[in-house]
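First the structure, in the form of structure tokens, and then the observations on it.
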Amino acid sequence: SLCAGGAASLSYRELKDLKKTNVLHIDVRERWEIDRFGKIPESINIPLGELVEALQMDPMDFKEQYNQKMPSKSDPVVFSCLAGTRSKQALGFAMSLGFS
């Protein structure tokens with residue numbers, strides 16, 4: 001299940017279209033879930049429990065840890081998880097930190 005600020009939920013097809021526009025896709029599932037169920041192509045995994053800290057990291061540290069440029073507060077970001085609950089929480093966390 002996928003969440004973005006402009007839409008409470010997105011289909012996988014909508015995500016694929018968004019990925020053509022430089023959106024950062026953050027999968028907030030636990031690492032064991034990625035190992036068991038697979039990784040969504042071109043997503044980065046930041047488990048929900050690490051997300052608030054990750055979004056407040058120094059950009060150089062973020063790049064080193066997640067091998068991805070840290071999003072700015074105005075960059076498009078999509079969150080995903082297995083059922084939708086954690087991605088909605090992730091969206092709330094990001095918005096509370098000033099992400100639009």
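The values are calculated or read from the model by the stated rules, or taken from the named source; none is laboratory data. These numbers come from a predicted model, not from an experiment. Note that we place each Cβ from the backbone using ideal geometry, even for glycine, and neighbour counts take in every protein chain shown. Just so you know, the surface numbers come from the protein's heavy atoms only, side chains and all, with ligands and any DNA or RNA stripped out. Shrake-Rupley method; radii C 1.70, N 1.55, O 1.52, S 1.80 Å.
Odds and ends about this structure:
- Meets criteria (farther than 25 Å from Tyr12 by Cβ, touching a Lys or Arg at 6+ places or on another chain (Cβ under 8 Å) and open to solvent by less than 70 Å² (accessible area, probe 1.4 Å)) for Leu97: yes
- Subset of the range 20-30 [more than 18 Å from Phe99 (Cβ to Cβ) and surrounded by 10 or more Cβ atoms within 10 Å (Cβ to Cβ)]: Arg29, Glu30
- Residue check, Met70 among the aliphatic types (A, V, I, L, M) and either surrounded by fewer than 13 Cβ atoms within 10 Å (Cβ to Cβ) or touching a Gly at 6+ places or on another chain (Cβ under 9 Å) (or both): no
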